[in-house]
1. Please specify each residue of the range 112-157 satisfying the condition of being surrounded by fewer than 18 Cβ atoms within 10 Å (Cβ to Cβ), at positive phi and not in a loop (DSSP other than H, G, I, E, B).
2. Taking Val267 and the conditions (1) under 23 Å from Ser406 (Cβ atoms); (2) surrounded by 22 or more Cβ atoms within 10 Å (Cβ to Cβ); (3) touching a helix residue (DSSP H, G or I) at 6+ places or on another chain (Cβ under 7 Å), which numbered condition does it fall short on, given that it satisfies the others?
3. Which one of these does Ala125 not meet: (1) more than 15 Å from Pro308 (Cα to Cα); (2) touching a helix residue (DSSP H, G or I) at 6+ places or on another chain (Cβ under 9 Å); (3) in contact (Cβ under 8 Å) with a residue 60 or more places away in the chain; (4) not acidic (Asp, Glu)?
4. If you take the residues of the range 296-319 that are outside any loop (DSSP other than H, G, I, E, B) and in contact with a strand residue (DSSP E or B) (Cβ under 9 Å, 6 or more places away or on another chain), which of them is surrounded by the most Cβ atoms within 10 Å (Cβ to Cβ)?
5. Sort out which residues of the range 71-99 are part of a loop (DSSP other than H, G, I, E, B), under 22 Å from Asn389 (Cβ atoms) and not small (Gly, Ala, Ser), and write them in order of number.
6. For the range 1-38, which residues satisfy the criterion of being free of Cβ contacts under 8 Å to residues at least 40 places away in the same chain, in contact with an Asp or Glu (Cβ under 9 Å, 6 or more places away or on another chain) and either crowded, with 19+ Cβ neighbours inside 10 Å or at negative phi (or both)?
7. Are any residues in the range 59-102 at positive phi, out of contact with any strand residue (DSSP E or B) (no Cβ under 9 Å at 6 or more places or on another chain) and crowded, with 21+ Cβ neighbours inside 10 Å, and if so, which ones?
8. So which residues in the range 320-372 are of a type outside the set (A, V, I, L, M), touching a residue at least 12 places away in the same chain (Cβ under 8 Å), in a helix (DSSP H, G or I) and in contact with a helix residue (DSSP H, G or I) (Cβ under 9 Å, 6 or more places away or on another chain)?
Amino acid sequence: MGILLTNGFVVDPIAKSVTRQDILLEGDRIVAMGVALPRGNHQVRDLTDLYVVPGLIDVHVHLREPGYTHKETIATGTMAAAAGGFSQICPMPNTSPVTDDPEIVRYVIEEAKRHGYAQVHPIAAVTKGLKGEELTDFQALYEAGAIAFSDDGRGVQSAEMMKKALLAAKKLNSLIAVHAEDETLSKKGVMHEGEISRLLGVEGIPTEAESVMIARDIVLAQATGAHVHICHVSPESAVSLIADAKRRGIRVTGEVAPHHLLLNDQVVKQLGTHGKVNPPLRDEIDRLACVRGFFDGTLDVIATDHAPHSEEEKAQSLEKAPNGFTGIEISLPLLYTSFVHSGLMTLAELVERMSTLPAKLFHLDGGQLIVGSRADLTVLDPYTPRIVNPRKFKSKGKVTPFAGRSLYGWPILTYHAGNLVHDSMA
């Protein structure tokens, strides 16, 4: 007996088409697709007026485990991923201990398998302890299951070290996910350096702290032929640098977070630490540049940078509170409402950037719904608005600058490897 999903609008992000079809799941695979499939003795789920998309893939999250389980755990983080429509996620290595050892990579993978909400592909540290002093053993980490390498949260400050890392990643056909921040420029900044930071009397982070590092790493990518993936792009200057590098045939890709597409630094004035994130929310000129970069393909994929913290931590002063907020459960409805419901792009185009292209760039199995593919799929409701209520989040992190917003396009069913892992209709 299988699971028969009937009458749904199936979105093909490759063909950019939407067709009403049935989908039959057996085990962990899609075994049939078509109109009016025989019901047999299958479990039937009627999806009339709902949209079916490939399971989403988030290439930049923070699961906090091991070490910071008061913020998030692998169990709560993957449950939140499922609630957000994500079947595969890639956690960053700034855990405690740092994900710089094959045993930690294996632990994260196995712990996620034990809970079964989503598949987890760890991104391992570039340098031991994220200290920037000594490369990790890329080969051993890769063989343990790491799919890419990053010193996210700090960035690799040494150009020599970054060049060595790029060469090591290239040998494995992997990539370096760059947290672009020159710490001699960012210093102790707590938000974007601009009119609002001056008004609030706090130290700001200039855009050049990000763009200087991106320029450096583009040069190194050209010199090595390696793949550089720029994380959470935020300023206009960075978008321009990536666009120019792509025109010159350099292997550079970029991701953008929903908050950098939808918010600017005015939010910090309004919400304080609930708008504190790194890279910071920039000014409106930078935000619009990110939107343009997303629409023209300069910024290849959406990545949530899901970064949960406790409410007590975020209740501290702007100077002391940690960077980041919860995002994975609301990214799809945020972007659906802002871009699809508004008519600026199609759902197929959005799903391509949240599933198909992340799978392609990070060499993952997913991003399309075809017979024989793994049964990772998300069902969303385009018509019923819901209010963002952090108290209902599966994540331990309840802080978001989007609380109270009315959004469309919420995931209501998520299947991972043929198993129903999220059901908001129940």
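The values are calculated or read from the model by the stated rules, or taken from the named source; none is laboratory data. Fair warning: this is a prediction, and the values are worked out from it, not measured in the lab. Positions of Cβ are generated from backbone atoms using ideal geometry, with glycine treated the same way; all protein chains shown enter the neighbour counts.
1. Passing the criteria: only Gly129.
2. (2)
3. Exception for Ala125: condition (3).
4. First pass over the range 296-319, keeping only residues outside any loop (DSSP other than H, G, I, E, B): 301-302, 306, 311-314.
Filter again for in contact with a strand residue (DSSP E or B) (Cβ under 9 Å, 6 or more places away or on another chain), leaving 301-302, 306.
Details: Val301: 25, Ile302: 27, His306: 31.
Here the answer is His306.
5. First, the residues of the range 71-99 that are part of a loop (DSSP other than H, G, I, E, B): 71-73, 84-85, 92-99.
Subsequent filtering for residues that are under 22 Å from Asn389 (Cβ atoms) retains 71-73, 84-85.
Once the filter is applied, which keeps residues that are part of a loop (DSSP other than H, G, I, E, B), under 22 Å from Asn389 (Cβ atoms) and not small (Gly, Ala, Ser), the range 71-99 yields Lys71, Glu72, Thr73.
6. Those that are free of Cβ contacts under 8 Å to residues at least 40 places away in the same chain, in contact with an Asp or Glu (Cβ under 9 Å, 6 or more places away or on another chain) and either crowded, with 19+ Cβ neighbours inside 10 Å or at negative phi (or both): Thr19, Val35, Leu37.
7. If the condition is that a residue be at positive phi, out of contact with any strand residue (DSSP E or B) (no Cβ under 9 Å at 6 or more places or on another chain) and crowded, with 21+ Cβ neighbours inside 10 Å, then no residue fits.
8. Quick first cut of the range 320-372, residues of a type outside the set (A, V, I, L, M) only: 320, 322-327, 329, 331, 333, 336-339, 341-343, 346, 349, 352-353, 355-356, 358, 360, 362-363, 365-368, 372.
Subsequent filtering for residues that are touching a residue at least 12 places away in the same chain (Cβ under 8 Å) retains 322-327, 329, 331, 333, 336-338, 341, 346, 349, 352-353, 355-356, 358, 362-363, 366-368, 372.
Now narrow it down to the ones that are in a helix (DSSP H, G or I): 331, 333, 336-338, 349, 352-353, 355-356, 358.
The answer is Ser331, Tyr336, Ser338, Glu349, Arg353.
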